[in-house]
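Notes follow once the structure below has been shown.
Values quoted throughout were computed directly from the atomic coordinates according to the rules given, and no laboratory measurement underlies them. These figures come from a predicted structure and were not determined experimentally. All Cβ positions, even for glycine, are placed from backbone atoms using ideal geometry, and neighbour counts span all protein chains on display.
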């Protein structure tokens, strides 16, 4: 047990914070939110130069050879600064390919990810708006050397700019819903794919993706036929844990911004940070943030070490879901009217807190998992 | 519409407050809590002299001839001051007899109630701890001119001093649980009745009552055979509504005591009521109390006028349940350590708030009714 | 005490219900009657249309004297109208004109001001904006810095106002300005009526959190650059504006109709949950959903019960009788209760909608036209506008409970 | 960063688990290890028994120097012991002796004081009480009025203390007293060790809300009437007591073992809900019950994660390294998080138990020996004792966040 960061980790965190605050000021965040692309290819390229897309990929695949935990430290800073774009989707999918892909697939995809030349995303949820296997209904049917995919995925992040989609499909009916699910690596340019933006509170580039007779070569199956659900589960665990770190960074940023603001802003002749009501809001925000940071580091360390359980992740995500919403809500209140405007930074966090809750499982869903894992 | 009290009502409220604070100081409340009898026969007699037990009973039955709403104004003051004893049980049961009894029964029971010579209570709940008809399992079987009752009732208020129990029994099996329920007026001295105290947080004299072959004459059926559930429902509505008024009085008292205390108590050289955190607690307490008073008066006026729906009562009780708990909890916190002692008055309210929630339906139960009445 | 419905009120209510039922069929799709709906060109056009229809009938200001365009109807008839309008989410009554400056002028305006300004309000023709807040004077209104320099029969006004709702559609504004450099804070404020078409006025949109490129802003910032305002447009005496401000504030309502509107919105949400099966069964079958909807019903009715007492207090004042002692405290308390309740409502709606709750109305997948996505963000302003929750609590503690100011 | 379990800790933990598993079979029925259990004659006798057994093994003060009765074990071994003891709800370690005055003496006591007082603590023989609070000096300890008048080699102490936990069973007390009339507040305080058998001491029970005639009180009021205390029993210099007080306060723990105990209590509650069918089906089948239990699990683990960082900071201090900058803030924050969580736990337990939740343990119908009925009341004290929630929030705001004091 050693709860200090290593020197290397400290450097990574400092570098990430400096890079992001320099390269991605909030004015750019707002600009990217309204842009069609939704991210900055220029920053994307610079991050690749720093080795971030491949940070946890082995050097063999052009990566930096660090750990999932190190990746998450960067993601935490992205939550702190806010960086619009497909980084999260891409690195989580890359981790999935690293875990479940064939050597051929790894060689095909991972070096391109490391080089910043490939954007990936997971196409999982459907109009049923569920993270559970019984609600996967997009079909893939064998047809010669190919499979043919039909159906609709919703809430697919970054689909409009992704090069490849990891599409979770049903390839066999089964009494057990987790059987008969297969993941395909699908070229986003394949004929029959229609991608339509779904404008969200987070302005975070989610899409409806319709598959109409989309042919995918059999070799693009990720993992084994009909046994894809365990891979999905593992991916969701990584994604949820990493999302907790992103949210933790957002809590920290919201707390810092608010503490700074209430020291400056005056009312009735005093800085409002001198009023006990405001002080107590801030004290509670400090606590929520502290718990979120602690649980984020711990769960991600466990994921990184292969020691995390479904319970660990569900608890962490459930906690962070409520904490981030609560912290940003109070942050807006402390900012007063200005905090409710489009042009103030705190609203960026408030909006993202709600969307982050939904990504990879909202609180109700996580609590169901907690109950199940605790045996009730 | 006229939301002012009449002059008569104002006098009644003032008189009730004066009488109770004079006759039942908190030292006596504590003494009665620890006593075997649990109430003061002396005060009981004085109240009868004021006409309170019969306040809503017609003059024909020795009553005062006022309304249910007027009765409730007295009950509100009993919540404000805290008056241990069987008043609540008795008057609600008397109202039930007035509503559902035969003329003979009314002539037998009600004048004695008015005279302060009869204590009544409702024996409804069982080990299933439910307010619903499907969980009534105490049986009454016909046997000549009598019915014979067997089974166990729990949480029966004031059973240890009651002269008669209104016992809710199952007299017929039926597919519809609300059919086949009959209420008996049972002499508490009947052979076969065992009464054992169940010590509660409220020290409010609840008992386990075991019926072993208790014979009751057929003429002591209240209402019609097998059709007792509608009477129970009507009784529960009155009881829940009146309880809301009692709780409203308790909120008001807790608020007043706390406001007084924080003006006096000093810390760091200031009265603690000057600190904004305390002020904001008090402001919230004011709001909870105000809503509770408003909803208590309104629902009881409706009950009194025969216009209340099950939804009205469930909403009022659900609201008051949480409000009273919340107000008293903050009241204790504002009092600091002294508030957590046996000898301080605020704890009397805190304990009663929890028990009052449970009486005639806790919040979960009321919310189920709300959902059902709203059609879901 | 007597909660018997007021005689004749149900009939009155029916007349207004019938009117709004018909007219609201003409509303733009997804209409909720909120600021975002009113902000758009289309929404404001609808608002003006409804206002003129109301104005023709004398319904905009039912209780006003006939000489100023009212019908001298009772307080309770006004309530019936308000409730019907809230229930149907109808526009057409200018909360700043009919709701604030009108009553203020009735109470403290000169006869000339009344004759000039009240009838066009009652006809639904002229729209008003409230020029109070400034970047450094929000809750602390007495810190306002916009200055009006006397020059002959005019004031020359310079400064910046913000949070002026709908100013880009408004015709006139009522402004808090500073008129003395000798006195400080509230002792140097005056109250001016300003034609928003005057030279030197620039109105810029102030976009709220939920807005994005496709949406119009409801709020504005207003820059006043040597704006000339005739002295006759001052309400009350010079440097006595604080008294007018407080008078205006007191015209905030009981909010009873707002609870009526929430009641309807809850029924709509229940209906949606009954019909929607995202995962095979209706949302309404989920126990947690039932529990949350029941909680909203409880909270709405509790607020309503309390608001009825505010209404009663206003009615007594109207009759010239003494209002209940805690009337002002109750208004402060209900102010933040209502805003926090609307926040819980929005949060609960989002919680129930899960992944779908993030979708803006532009998405064809958005449930209830993205209503809760929008309200999840717009609800925050309610905890701040017209006196923050914290200010209301201070007022309750100091004035309602007599706690010391240290 | 590395959350790998500490090598050897699991083995150490097993040793303590084995001990407590056996010994706790001898506990009185319904034992929860809370104040009410310790207050009774029977409970205190059990506490003394366990303490002597621990003392024989040197486990009361594992980390102390051997010369004072410790085993000089590592910080982590101490943690293993604490966790096992908390998990088994075991008594036997005097939180005031081993937990507060012992470490204080180790840090700032004279050698003579160490040799005299520490070994009996480590042997589990002598029990201590904390004589700090007074009726008018609770959170504001610097307002203490109990006066110690110097008279030769003694102090003559007069005054009243309250909230002294378990004083009726204790042997000695450590007291905050005023020793100067020239200086005010914290500048005139001294720190005395007082034999509770001294002449002039009267100890009265201070009954808490949940107590009634059949129950004994855990807290006491202590009246000191010309109590003679030798000057050699003063810790630190005269009028320098405030420094000692702060030193003592810092020995409050990470609370990690408290979360471990809560984890076990939650599992016990889950088990109860699985087995109990009051209305025909197990409580655990109710979706609202599931939801609430899951919420407790989440809140417990979040607190635990944060408490681990407090532990780490303490460990670094122990190693002579710098503790994390926000260590003190985190302790304040976790202090009230923990007390509010235990309150939510008690409230949730009561909510689940419905009508049964009101029953005291004396009723044969009381579930879990009336555990939640008791905790519903006793939990309130945790929000107040050792610095109220409000004080903790002030500290976080001022010291953790640098907000201004106005």
Distance (nanometres) between label positions extended 7 Å along Cα→Cβ at residue A:1 and residue B:103:
8.2 nm
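Report the full-extension gain for the segment residue C:405 to residue C:6: residue separation times 0.36 nm, less the Cα-Cα distance, to one decimal in nm.
On the way: separation 399, 0.36 × 399 = 143.64 nm, distance 4.24 nm.
Full extension of this stretch gives 139.4 nm more.
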Spin-label model distance (nm) - residue C:319 vs residue D:364, 7 Å beyond Cα toward Cβ
6.1 nm
Backbone N under 20 Å from the residue D:237 label point (7 Å along Cα→Cβ), restricted to region D:158-189:
D:176-189
Please figure out what share of the DSSP beta bridges in chain A is antiparallel and state it in percent, rounded to the nearest 5.
85 percent
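How high is the relative contact order of region A:122-228? Use alpha-carbon pairs under 8 Å, at least six apart in sequence, and give a whole percent.
On the way: 265 pairs, mean separation 32.9, N = 107.
Here the relative contact order equals 31 percent.
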Compare B:260, B:312, B:290 in a GNM of chain B, Cα atoms joined below 10 Å, and give the one with the largest fluctuation.
B:260
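Below 8 Å, C-alpha to C-alpha, sequence gap of six or more: please give me the relative contact order for region A:230-373 in percent. The partial results should precede the final answer.
Working: 167 pairs, mean separation 46.9, N = 144.
It comes to 33 percent, rounded to a whole number.
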Cα→Cβ-extended label distance, 7 Å offset, between residue A:173 and residue A:263, nm
6.6 nm
Under Stokes-Einstein, region B:230-373 at 10 °C and 1.306 mPa s, with its Kirkwood radius over C-alpha pairs, diffuses with a coefficient in µm²/s of 101 µm²/s
Mind checking B:363-372 for the average number of partner chain beta-carbons within 10 Å of each residue's beta-carbon?
5
Peptide D:387-398 - average C-beta neighbours from other chains (10 Å radius):
6
For region C:166-215 and region A:220-297, what is the separation of their C-alpha centers, rounded to whole Å?
37 Å
Would you give the gap between the C-alpha center of region D:281-360 and the C-alpha center of region B:302-376, rounded to a whole Å?
26 Å
Rounded to the nearest 5, the percent of DSSP beta bridges in region A:122-228 running antiparallel is 90 percent
When chain C is modelled as a GNM with alpha-carbon springs shorter than 10 Å, which of C:324, C:29, C:230 fluctuates the most?
C:29
Picking from D:12, D:84, D:122, which is most flexible by a Gaussian network model of chain D using Cα springs under 10 Å?
D:12
Could you tell me which of rounded, prolate or oblate describes the protein assembly as shown, using a ≥ b ≥ c as the square roots of the eigenvalues of the alpha-carbon gyration tensor, with rounded for a/c under 1.5 and, failing that, prolate when a/b is larger than b/c and oblate otherwise?
rounded
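Quick check on the exposure proxy: order A:11, A:247, B:47 from fewest to most C-beta atoms within 10 angstrom.
Values: A:11 11, A:247 31, B:47 23.
So the ranking, lowest neighbour count to highest, is A:11, B:47, A:247.
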Which whole-angstrom value gives the distance between the alpha carbon centres of region C:111-140 and region B:147-177?
67 Å
With both partners inside region A:157-299, how many of the DSSP beta bridges are antiparallel, as a percent to the nearest 5?
95 percent
Distances from residue B:1 to the same residue in each other copy, label points 7 Å out along Cα→Cβ, in nm, shortest first?
6.3
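Give the peptides B:161-170, A:104-113 in descending order of average Cβ contacts within 10 Å, highest first. Please list the in-between numbers first.
Values: B:161-170: 24.7, A:104-113: 18.7.
Those peptides, ordered most packed to least, come out B:161-170, A:104-113.
Is region B:78-211 rounded, prolate or oblate when judged by the Cα gyration tensor, a ≥ b ≥ c being the square roots of its eigenvalues, rounded requiring a/c under 1.5 and prolate requiring a/b larger than b/c?
Values: a/c = 1.65, a/b = 1.22, b/c = 1.35.
Oblate shape, in that a/c is at least 1.5 and b/c is the bigger or equal ratio.
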What are the distances, in nm and sorted shortest first, from the label point of residue A:174 to the label points of the same position in each other copy, with each label point placed 7 Å from Cα along the Cα-to-Cβ direction?
5.1
Per residue of C:87-99, count partner chain C-beta atoms within 10 Å of its C-beta, then hand back the mean as an integer.
0
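Using only C-alpha positions, report the orientation-averaged shadow area of the convex hull of chain A, nm², one decimal. Can you show the working numbers first?
Details: hull surface 76.8 nm².
Computing the convex hull of the Cα atoms and averaging its projections yields 19.2 nm².
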What percent does the relative contact order of chain D come to when contacts are Cα pairs within less than 8 Å and at least six residues apart?
12 percent
Minimum Cβ-to-axis distance in chain B for the rotation onto chain A, with residue, whole Å:
B:276, 2
Show me, bin by bin at 5 Å from 0, the whole-percent P(r) of region C:9-93 based on Cα pairs.
3, 15, 25, 25, 17, 11, 4, 0
Quick one: grab the alpha carbon gyration tensor of region C:255-400, order the square roots of its eigenvalues as a ≥ b ≥ c, and give me rounded if a/c is under 1.5, else prolate or oblate depending on whether a/b is larger than b/c.
prolate
Got a sec? Which residues in region C:233-249 would a label at residue C:398 touch, if it sits 7 Å along Cα→Cβ and we count backbone N under 17 Å?
C:242-243, C:245-247, C:249
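Report Rg(Cα)/(2.2 N^0.38 Å) for region C:129-240, keeping two decimals.
Details: Rg = 14.1 Å, N = 112, 2.2 N^0.38 = 13.2 Å.
In units of the globular-protein estimate, region C:129-240 measures up at 1.06.
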Using a label point 7 angstrom from Cα along Cα-to-C-beta, what distances in nm, from shortest up, separate residue C:279 from the other copies?
2.3
